[in-house]
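Presented below is the structure to which this report refers.
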Amino acid sequence: MDQFILGDDAFVEEVTQGVKEDEPPRTVEIRWAEVRRFVLKEFGVSDKAMFLRGRERGVVRIKRVMAWVGREVVGLTIQEMAKALGQDPGALSRGLRTLSDELEGDQDLRKSVQTLCEAIRKGRQFK
């Protein structure tokens with residue numbers, strides 16, 4: 001079924017700018033436990049060690065990456081991820097902003113997160 005956009009040429013261009021017809025949906029069907037497993041494997045940390053370590057800087061970053069992947073790949077809300085990670089939603093939201101800044105400045109971290117996202121999406125059904 002064809003869809004139409006009503007308006008002048010400038011409006012149509014603005015609405016369709018950046019939209020690609022072949023672009024797949026961003027989120028996939030996957031359980032949180034699997035996301036957690038992928039992230040922990042990428043960082044070489046066991047599930048048990050992850051949640052016993054507390055606020056160590058590396059653990060905080062890993063939890064932020066879990067939340068980032070949960071939001072970007074699975075489409076989870078801040079509240080859902082905060083509950084799963086045992087964190088305050090406001091603190092997690094601030095942590096995701098911090099991670100966003102880190103991703104801009106740290107090419108290795110950005111590449112790791114992109115690789116994780118691609119690995120999790122691979123072979124999964126899009127929502």
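The values are calculated or read from the model by the stated rules, or taken from the named source; none is laboratory data. Computed from a predicted structure; not experimentally measured. Glycine gets a Cβ as well: all are built from the backbone with ideal geometry, and neighbour counts include every protein chain shown. SASA here: full protein model, heavy atoms, side chains in, ligands and nucleic acids out. Shrake-Rupley method; radii C 1.70, N 1.55, O 1.52, S 1.80 Å.
Cα-Cα over 22 Å: which of LYS83/LYS111; LYS41/LYS127; LYS83/LYS122; LYS48/LYS83; LYS41/LYS122?
LYS83/LYS111; LYS41/LYS127; LYS83/LYS122
Over region 85-125, with the other protein chains present, what is the accessible area per residue in square angstrom, probe 1.4 angstrom? Mind dumping the intermediate values first?
On the way: 2570 Å² over 41 residues.
Heavy-atom accessible area per residue stands at 63 Å².
Placing dummy labels 7 Å off each Cα toward the beta-carbon, the span from SER100 to LYS83 is 2.4 nm.
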